[in-house]
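Working notes, structure below.
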Amino acid sequence: MDVIREKLKLLPENPGVYIMLDKYGNIIYVGKARVLKNRVRQYFHNSPKPEKVMKMVENIADFNYIITNSEIDALALENNLIKKHKPKYNILLKDDKTYPYIKANIKEDFPNFSITRKIKKDGCRYFGPFMGGVNCKDILDIIQLTFNVRLCHTKMCEKPKRECLNYHIARCTAPCAHKVDKAAYAEQVKKALAFLDGNYKDAEQTLKGKMLSAAEGENFELALDYKNKLSMLSKLEAKRITALSKFIDADIIAYSTNNLYSAVNVLVTRKGIMQGGNSFALDEAYINDSEALTAFIVQYYSNHELPSEIITEDFCEVALLQNYFKEKFSKSVEITQAKQGIKAQLLKMAQKNAGEYLEKSVDKIKHRDDMTVNACMRLKELLSLDKYPRRMECYDISNISGVDKVGSMVVFIDGEADRNSYRRFKIKTVEGANDFASLQEVLTRRLSKLGTDEEEKFAKPDLIIIDGGKGQLSAVKSIFDGLNVSDIELVSLAKREEEVFTLNSDDSIKIPHRDYSLKMLQRIRDEAHRFAITYFRNLHSKRNLSSVLSEIDGVGKVKRIALMQKFGTLDKIMSAGVQELAAVDGIGEKFAEKIKKYFEENL
């Protein structure tokens, strides 16, 4: 605390970002401040603070700060540092979903329509997000059925191409085959865009006509399909908020807290239609609700479409957010703190959703803590680790008879998967099926990044976990010794008895099977195995399928051809059950069991 007291005296009165560290030097919280001196001192004064903040302050051993030109820059830097370091007490939207949009590529002479989950500043028009049970593919299908626009990505050339099946079944006017001129196609696109803007009349009339025509022709299956699409249009129309202008695109965001945990509900309206919503359970330690809500909004719109209006709580930092969006996204966003009317009713609905979600989520958050952060703390005690294993890495090797050898690295931070940090390795120097040597190659390549410029991308782990027993542990220890790595802990987890081997003892450590720390080790081990197999299968499927099957004793040319004709890909053969394999001509149950056993033993 002496270090902190001295640093508090030196704090400037500038805007900036402050970074809280625990006793191991881990970043546990990042915050922004209009005046660094005032904000940081608040944490260490005896003034009343929420329980969640007090809990965080107990773990602060030191802090740093970065001065910025403005509070807007501080807000942007805070968001970037949270994404990079994933601090324990900040809002982290790990369970966030990106919903699908329909993209109209209006830059082209003959625009196409497609589904995407990423919005870019590319001059195209985006419609959505589609949520709340509305199937994006069905919307595209209706557009094609009704307005005959193209969904393909075929390039338009001077020389006409051969028209595809969609032209012959009246689902596309085939601009690629020069069957329609630019003006006529532009009219089709104009109607399709109007439909996506909420004008469903033309589509309803067309679908009704097609449904009746199909029914008269006794094509009842097709008629039912048209009826289902009409039903979906009715659902969309029913979601229209009559008192809300159809030109308004607004998100409604409400925040609820019990001073220990929090929840946020986001409702999405587009063109006056309620698209749906999503709720988020948060385990954070912001000093007040205003900062928590602001941090959530900034992080949320890093991955979502920014609407023209955000309707939210009266404690939101309105001016700061509006200036932030204008500067960082070049977009003017109206932030409304609704007091009356339909917007106030929508905010009350979101507040109710957030409150109910928080009540239901408290036990889930506590359970998640037991499975993650608390499990890490217990693992430190059980394995006598020198420090809390915040960043854990686990490695696995996958191959079949030494072919297409691959290695995987998965990363868990505070006991949760950090998929953006996963890495794959194609084994380059090892001949044959030598998992020890392959593991040594992967670890050598990984650990050689330490102390270089690339360490920025490959942060140093606190603990490395190896799938295996003493042999694997010794193989990796020799790599550690050769590279003079002494500040990273190393353990291995043996599959059969789920024993943990460490470098501190010749005896294994048996953690009770119900203990969350063992379950966490199993999760990271299994995830490394899954990730390695996925990469291996991707590589393997690119090779000649016949040559892979020829590695199985007794599976000759005739059997290989039969399997290829039946399943088509290696992945499907590997996933098939014994009965499915046995049903293939010339295979039978004996060879089916042999094939299945081969893949099970080698993967």
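Every condition in (1) assigned to a loop (DSSP other than H, G, I, E, B); (2) within 24 Å of the chain's Cα centre (by Cα); (3) free of Cβ contacts under 8 Å to residues at least 60 places away in the same chain holds for residue 484 except the one numbered (2). Search the range 121-133 for residues being assigned to a loop (DSSP other than H, G, I, E, B) and charged (D, E, K, R), and hand back the single one that is surrounded by the fewest Cβ atoms within 10 Å (Cβ to Cβ). So the residue we want is 121. Mind checking whether some residue in the range 41-49 is under 19 Å from residue 88 (Cβ atoms) and open to solvent by less than 20 Å² (accessible area, probe 1.4 Å)? Yes, some residue in the range 41-49 is under 19 Å from residue 88 (Cβ atoms) and open to solvent by less than 20 Å² (accessible area, probe 1.4 Å). Restricting 118, 32, 52, 7 to those that are crowded, with 20+ Cβ neighbours inside 10 Å, outside any strand (DSSP E or B) and among the charged types (D, E, K, R) reduces the list to 52.
Looking only at residues in the range 578-599 that are within 35 Å of the chain's Cα centre (by Cα) and not aliphatic (A, V, I, L, M), the one that is least open to solvent (accessible area, probe 1.4 Å) is 599.
When the range 343-386 is filtered for residues that are open to solvent by less than 90 Å² (accessible area, probe 1.4 Å) and acidic (Asp, Glu), the ones remaining, listed by number, are 356, 369, 370. Just one of the numbered conditions (1) more than 22 Å from residue 260 (Cβ to Cβ); (2) in contact with a helix residue (DSSP H, G or I) (Cβ under 8 Å, 6 or more places away or on another chain); (3) of a type outside the set (D, E, K, R) is not true of residue 20: (1).
Annotation: residue 486 fulfils all but one of (1) open to solvent by 60 Å² or more (accessible area, probe 1.4 Å); (2) at pLDDT 85 or above; the unmet one is (2).
Taking (1) in contact with an Asp or Glu (Cβ under 9 Å, 6 or more places away or on another chain); (2) farther than 30 Å from residue 245 by Cα in turn, residue 217 satisfies each apart from (1). Based on what the data block shows, is residue 470 modelled with pLDDT under 85, of a type in the set (D, E, K, R) and more than 30 Å from residue 575 (Cβ to Cβ)? Judged against the criteria, residue 470 is a match.
Among the residues of the range 500-521, those identified as free of Cβ contacts under 8 Å to residues at least 40 places away in the same chain and open to solvent by 40 Å² or more (accessible area, probe 1.4 Å) are 503, 505, 506, 507, 510, 512, 513, 514. For the range 292-338, name all the residues that are open to solvent by 60 Å² or more (accessible area, probe 1.4 Å) and part of a loop (DSSP other than H, G, I, E, B). Selection gives 303, 314, 315, 330, 331, 332, 337.
Residues that are touching a residue at least 60 places away in the same chain (Cβ under 8 Å) and either surrounded by fewer than 24 Cβ atoms within 10 Å (Cβ to Cβ) or assigned to a loop (DSSP other than H, G, I, E, B) (or both) within the range 466-478 comprise just one, 467.
If I go through the range 413-428 residue by residue, how many of them are assigned to a loop (DSSP other than H, G, I, E, B), without any contact (Cβ under 8 Å) to a residue 60 or more places away in the chain and either of a type in the set (Lys, Arg) or surrounded by fewer than 17 Cβ atoms within 10 Å (Cβ to Cβ) (or both)? Here the count works out to 1. Six or more apart or on different chains, Cβ atoms under 7 Å: show the pairs whose first residue is in the range 315-327 and over 19 Å from residue 286 (Cβ atoms) and whose second is not in a helix (DSSP H, G or I). These pairs meet every condition: 322/333; 322/335; 325/306; 325/331; 325/333; 326/332.
When you check residue 79 against the structure, is it under 25 Å from residue 263 (Cβ atoms) and not in a loop (DSSP other than H, G, I, E, B), yes or no? So residue 79 fits the description; yes. Please give the helices (runs of 4 or more DSSP H) falling wholly within the range 134-248 in which 2 or more residues are touching a residue at least 24 places away in the same chain (Cβ under 8 Å) and open to solvent by 50 Å² or more (accessible area, probe 1.4 Å). In the range 134-248, 182-196, 201-216, 220-238 are the helices (runs of 4 or more DSSP H) which contain 2 or more residues that are touching a residue at least 24 places away in the same chain (Cβ under 8 Å) and open to solvent by 50 Å² or more (accessible area, probe 1.4 Å).
The values are calculated or read from the model by the stated rules, or taken from the named source; none is laboratory data. As the structure is a prediction and not an experimental result, all values here were calculated from the model. Note that each Cβ is placed from the backbone with ideal geometry, even for glycine, and that neighbours are counted across all protein chains shown. Protein only, heavy atoms only, side chains kept; ligands, DNA and RNA dropped before computing areas. Shrake-Rupley method; radii C 1.70, N 1.55, O 1.52, S 1.80 Å.
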